[in-house]
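I have placed the structure first, in the form of structure tokens, so that the comments after it can refer back to it.
The values are calculated or read from the model by the stated rules, or taken from the named source; none is laboratory data. What you see is a predicted model, and the numbers here were worked out from it, not measured in a lab. Ideal geometry is used to build each Cβ from the backbone, glycine not excepted, and the neighbour counts take in all protein chains shown. Accessible surface is based on the protein model in full, side chains and every heavy atom, while ligands, DNA and RNA are left aside. Shrake-Rupley method; radii C 1.70, N 1.55, O 1.52, S 1.80 Å.
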Amino acid sequence: LDGQRTKTAADTETVYNLGGKLFYAEDTDYLMLSVPNALVHGVFSAMAEPGVELPLFSADKPLSAHITVMTPEELAKIGGAKKIKERGQQFHYSLGRLKQVRPDGWPGVVRCFFVTVHSPELQALRRSYGLSSLPREGQGEFHITTGVIRRGVLGNNTTAKKS
């Protein structure tokens, strides 16, 4: 190797240099961190999953990439969104693995794909308001939704695969 050192996994370090602004979505009552839509479009474009679609923000709104930081229930528990003094501030994160889940409580969606996110800053923010470090009482994880499969998309149509 002519005196060049080979890099190993031990030489790497996690960096938190992706960032977004903290905002309150009045129409959904969630506290979120903004994420560039281009990030979701890039992951979505690389997915090789039959029937997958881009996630919409709501039924009448296009994609609005984000990381959910606090749910409406959590915001109510701390006294409402007006208690959050950090709105508009930037928080940093790094990306993790692409995962899937069969979501409960998302009408018409049978599978959801997301990229996990790690953010010590968002964890500290949640703890500063008396919440667990991670969503769903520490059982969840921060994530960015990158695709969904709606009920019936793969089965209830007249198109058939030909051999």
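Quantify how much of the Cα-Cα distance distribution of the chain extends past 24 Å, in percent.
44
Can you order the peptides 141-153, 87-99 by their average number of other Cβ atoms within 10 Å per residue, highest first?
Answer by packing, highest mean first, reads 141-153, 87-99.
Computed over the Cα atoms of the stretch 35-105, what is the convex hull's projected area averaged over all directions, in nm²?
Seen from a random direction, the Cα hull of the stretch 35-105 projects 6.8 nm² on average.
Using the heavy atoms of the protein chains alone and a 1.4 angstrom probe, what is the accessible area of the stretch 18-115 per residue in square angstrom?
Here the per-residue accessible area is 57 Å².
Most mobile of Lys83, Lys61, Lys21 per a Gaussian network model of the chain (Cα springs, under 10 Å)?
Highest fluctuation of the listed residues: Lys61.
Taking all protein chains as present, what is the carbon and sulfur share of the accessible area of the chain, in % to the nearest whole number, probe 1.4 Å?
Accessible surface attributable to carbon and sulfur in the chain totals 51 percent.
Does the stretch 1-81 come out rounded, prolate or oblate by the C-alpha gyration tensor, with a ≥ b ≥ c the root eigenvalues, rounded set by a/c under 1.5 and, if not, prolate when a/b is larger than b/c and oblate if not?
It comes out oblate by the Cα gyration axes.
Could you work out the relative contact order of the chain, using alpha carbon pairs under 8 angstrom and six or more residues apart, expressed as a whole percent?
Relative contact order comes out at 25 percent.
Could you pull out the GluC sites (Glu not before Pro) across the stretch 16-97 that fall in loop regions by DSSP (anything but H, G, I, E, B) with no more than 14 other Cβ atoms inside 10 Å?
When the GluC sites (Glu not before Pro) of the stretch 16-97 are filtered for loop state and at most 14 Cβ neighbours within 10 Å, Glu26 remain.
In µm²/s, what is D for the stretch 70-154 at 37 °C and 0.692 mPa s, where D = kT/(6 pi eta Rh) by Stokes-Einstein and Rh is the Kirkwood radius from Cα pairs?
Answer, rounded: 227 µm²/s.
Compute the distance from the alpha-carbon center of the stretch 85-122 to that of the stretch 1-51, in whole Å.
Result: 10 Å between the Cα centres.
To the nearest 10 Å², what's Val115's accessible area with a 1.4 Å probe?
10
To the nearest 500 deg cm²/dmol, what mean residue ellipticity at 222 nm is calculated for the chain from DSSP H runs of n ≥ 4 alone, each contributing -39,500 (n - 2.57), summed and divided by the residues?
-4000 deg cm²/dmol
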